[in-house]
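Where a number appears in this text, it was derived from the coordinates with a stated rule and is not lab data. Computed from a predicted model, the values in this text were never measured in an experiment. Note: ideal-geometry Cβ built from the backbone for every residue, glycine included; neighbour counts use all protein chains shown.
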Amino acid sequence: MAEILSPIDAIQYRLIAGFMAGAILGSFSTMLSYRLPRRLSINWPGSHCPVCKTRLRPRDLIPLLSFAVQRGKCRYCGILIGWRYVVTETVLALAGAAACVIFGFTLWLLIALSLIVAGVTLIAIFMERTSAGTGSYSR
Ligand SMILES: [Zn+2]
């Protein structure tokens, strides 16, 4: 007996939804990996440039896209944004897409994404501590 899938379960929707959710979680992970080791609040102040202190607008916070549009620089002062941000967002976007394809929209997906975010954040913190940092942009 053939199983009838709803359109939301189609693999292309899982890929797109997983990629987008993963990219957003990647942005969250970069913020955690910057602020947690420095014992900074994770909810205040909002995302800002640590050099010019300008609060980032929503258009500056679109994962991957903002980095590409701004060519890896702060829109306001021009300082280079560390590559670890775009790498982390890309890794989590791909991992999110894979997890969404594997688990579908289930509780297992939430568990997998939580573990992926925790793991990537810990790896980013470890790598920054061992390499004296590859970027100082605070998100
Ligand atoms: Zn700036």
- Run the quick spin-label model on LYS53 and LYS73: label points 7 Å from Cα toward the beta carbon, then report their separation in nm to one decimal. 2.3
- Normalising by the residue count of segment 23-131, find the relative contact order in percent from Cα pairs under 8 Å and 6+ residues apart. 37
- Task: Kindly provide the helix-only [θ] at 222 nm of the chain, computed as the sum of -39,500 (n - 2.57) over DSSP H runs of four or more divided by all residues, to the nearest 500 deg cm²/dmol?
- Result: -18500 deg cm²/dmol
- Task: Starting from the Cα-Cα distance between LEU61 and ILE11, subtract it from 0.36 nm times their residue separation and give me the gain in nm to one decimal.
- Result: 15.3 nm
- Query: Got a sec? How would THR54, THR30 order by Cβ neighbour count within 10 Å, fewest to most?
  - Reply: THR54, THR30
- Scaled radius of gyration (Cα, divided by 2.2 N^0.38 Å) that the chain gives: 1.15
